[in-house]
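Please treat every number below as a calculation from the coordinates, not as lab data. The model shown is predicted, which means the values in this text are computed figures rather than measured ones. No Cβ is skipped: glycine too gets one built from the backbone with ideal geometry, and neighbour counts run over all protein chains shown.
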């Protein structure tokens, strides 16, 4: 009977020894996922940093998706603000374009917030209006 207990203990020990390594791997993967989410969220927060997920995770589909979405928001914000800003200088109708400029800027802010939430939830959810545009493949 003692031999059976010793044999059982020998069989159990290697499994127990592997448990900390598995937990450490799980913890490391969780930290990597958290870091990836934060970097993708930063790409939306500071639009000019859209390339950061591409540098940190060059072969990751999730990072590429959010880098693309961030770039699309950045380009839309710059082009739209420039166009509406120039049109706001037109006499008589400039006030209308000034109001549209502020509405447009709030819309861009909302899109950035939606992108940050999507990245934080680890989702690849397309942004409304601009989500279908693919610049980075």
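Details
- Considering residues of the range 41-59 that are closer than 16 Å to residue 137 by Cα and touching a helix residue (DSSP H, G or I) at 6+ places or on another chain (Cβ under 7 Å) only, the residue surrounded by the most Cβ atoms within 10 Å (Cβ to Cβ): 53
- Assessment of the range 75-93 against the conditions (out of contact with any strand residue (DSSP E or B) (no Cβ under 7 Å at 6 or more places or on another chain) and at positive phi) yields at least one matching residue.
- The range 70-84, residues that are surrounded by 13 or more Cβ atoms within 10 Å (Cβ to Cβ) and either touching a residue at least 12 places away in the same chain (Cβ under 8 Å) or more than 24 Å from the chain's Cα centre (by Cα) (or both): 70, 71, 72, 73, 74, 75, 76, 77, 80, 81, 83, 84
- For the range 39-60, the set of residues classified as in contact (Cβ under 8 Å) with a residue 40 or more places away in the chain and farther than 16 Å from residue 77 by Cβ consists of 40, 41, 54, listed by residue number.
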